[in-house]
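Take a look at the structure set out below.
The values are calculated or read from the model by the stated rules, or taken from the named source; none is laboratory data. None of these values were measured; they are calculated from a predicted model. For neighbour counting, all protein chains shown are included, and Cβ atoms are generated from backbone atoms with ideal geometry for every residue, glycine included.
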Ligand SMILES: Cc1cc2nc3c(=O)[nH]c(=O)nc-3n(C[C@H](O)[C@H](O)[C@H](O)COP(=O)(O)O)c2cc1C
């Protein structure tokens, strides 16, 4: 089954949108890491619904409870279970989609696979499932900070619809990202993005965009060729986030328009270390980190559930029309930023612990 992620730092998420709650069980977290609900809650608050005028209005405080794996503020090395109760479920909003498949949501495919589905709030395909990932990501961030003193992961909205931001990837800070409700550190572009989201929302429609993520402070040597190459695991992690459609690392698809002489990252000596003078590789070569910034981009589609009327069919094969009701994000990106960071931290935390296991030098 596909509910567990990671090899050594293993997370299993559970829960549906309108069930009792959602959460995660983390296995493989090292002992003696300082951890509290406050660390996790900070990240969950960045993800929660009803946080601004451009997100869904579902009112969830998403208060987390750590049930196990912790003693006197430190991890025990035993499984950590974290749960969040669902409080503001409104199943009546979804009665119509019990029968009608929402175009480009997961209703039809869940039905095809399982022959049964919790249609309330989208069930397991709801982005509420990502609460468990964000909670586990907060723990992974703590592990990475303990292992690497310069570790930082910063994700931000780089594009919404056709509004493209200008951002200096190498200097952007987490505090710049949190300055506005779309989580775009270019204030002029952020204003246009808010206006665009409000415009399409008022027309019963939705938009997507691009989230960029930069990871600093990862030393050379992290990643497991050949099937668990760092970029392969990052791609899987990012494409497992609901509503994602594309992933590119470093120069990505733009590399196809360059020659080798233009694209290669020349090596040089800097500060007594082997460094790359440019970073088209995105910090990964041969599936292993090279010590430069790891950066990648994730494409998100426009939210599937829209009030705009569309053609669909019912589970009884009848042609019909659907203008969806309920509370939905007109654009998922502002809330997806902490999810991208969390998934990056899960991949890198897992690989950092795997490297520690095989390489005595870094212990
Ligand atoms: C933060 C976040 C919020 C989301 N909110 C909604 C929403 O309100 N309505 C909706 O239809 N889809 C929403 N989605 C996307 C769906 O969960 C997703 O499209 C659905 O599960 C189908 O999966 P797929 O798009 O990956 O194929 C959201 C995704 C994320 C990451």
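Here are the numbers:
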| read-out | value |
| --- | --- |
| Members of segment 98-131 found to be in a helix (DSSP H, G or I), more than 13 Å from the ligand (Cβ to nearest atom) and in contact with a strand residue (DSSP E or B) (Cβ under 7 Å, 6 or more places away or on another chain), listed by number | none |
| Any hit, segment 45-61, residues being crowded, with 18+ Cβ neighbours inside 10 Å, closer than 22 Å to residue 334 by Cβ and away from the ligand (no atom under 16 Å from the Cβ) | no |
| Segment 79-90 - residue that is assigned to a loop (DSSP other than H, G, I, E, B) and within 24 Å of the chain's Cα centre (by Cα) and, of those, surrounded by the most Cβ atoms within 10 Å (Cβ to Cβ) | 86 |
| Any hit, segment 159-175, residues being under 18 Å from the mean Cα position of the chain (by Cα), without any contact (Cβ under 8 Å) to a residue 40 or more places away in the chain, surrounded by 14 or more Cβ atoms within 10 Å (Cβ to Cβ) and more than 16 Å from the ligand (Cβ to nearest atom) | yes |
| Those residues of segment 339-363 which are within 12 Å of residue 238 (Cα to Cα) and touching a strand residue (DSSP E or B) at 6+ places or on another chain (Cβ under 8 Å), in sequence order | 340, 341, 344, 345, 346 |
| Any hit, segment 246-254, residues being within 16 Å of the ligand (Cβ to nearest atom), more than 18 Å from the chain's Cα centre (by Cα), surrounded by fewer than 15 Cβ atoms within 10 Å (Cβ to Cβ) and over 30 Å from residue 6 (Cβ atoms) | no |
| Test: residue in segment 311-326 that is outside any strand (DSSP E or B), near the ligand (Cβ under 9 Å from one of its atoms) and either under 25 Å from residue 210 (Cα atoms) or touching a residue at least 12 places away in the same chain (Cβ under 8 Å) (or both) | yes |
| Out of 134, 157, sole residue that is in contact with a helix residue (DSSP H, G or I) (Cβ under 7 Å, 6 or more places away or on another chain), outside any strand (DSSP E or B) and at negative phi | 134 |
| Pair list, Cβ under 8 Å, 6 or more apart: segment 235-262 residue over 21 Å from residue 47 (Cβ atoms) and without any contact (Cβ under 8 Å) to a residue 24 or more places away in the chain, other residue within 16 Å of the ligand (Cβ to nearest atom) and in a loop (DSSP other than H, G, I, E, B) | none |
| Boolean, residue 291 is away from the ligand (no atom under 14 Å from the Cβ) and at positive phi | yes |
| Test result for residue 94, within 16 Å of the ligand (Cβ to nearest atom), in contact with a helix residue (DSSP H, G or I) (Cβ under 9 Å, 6 or more places away or on another chain) and not in a loop (DSSP other than H, G, I, E, B) | yes |
| All positions within segment 294-310 that are buried (at least 17 other Cβ atoms within 10 Å of the Cβ) and either in a strand (DSSP E or B) or more than 16 Å from the ligand (Cβ to nearest atom) (or both) | 294, 295, 296, 297, 298, 299, 300 |
| Residue 220 being part of a loop (DSSP other than H, G, I, E, B), modelled with pLDDT of 95 or more and within 18 Å of residue 164 (Cβ to Cβ) | no |
| Single match in 70, 76 (criterion: free of Cβ contacts under 8 Å to residues at least 60 places away in the same chain, crowded, with 18+ Cβ neighbours inside 10 Å, more than 17 Å from residue 346 (Cβ to Cβ) and away from the ligand (no atom under 16 Å from the Cβ)) | 70 |
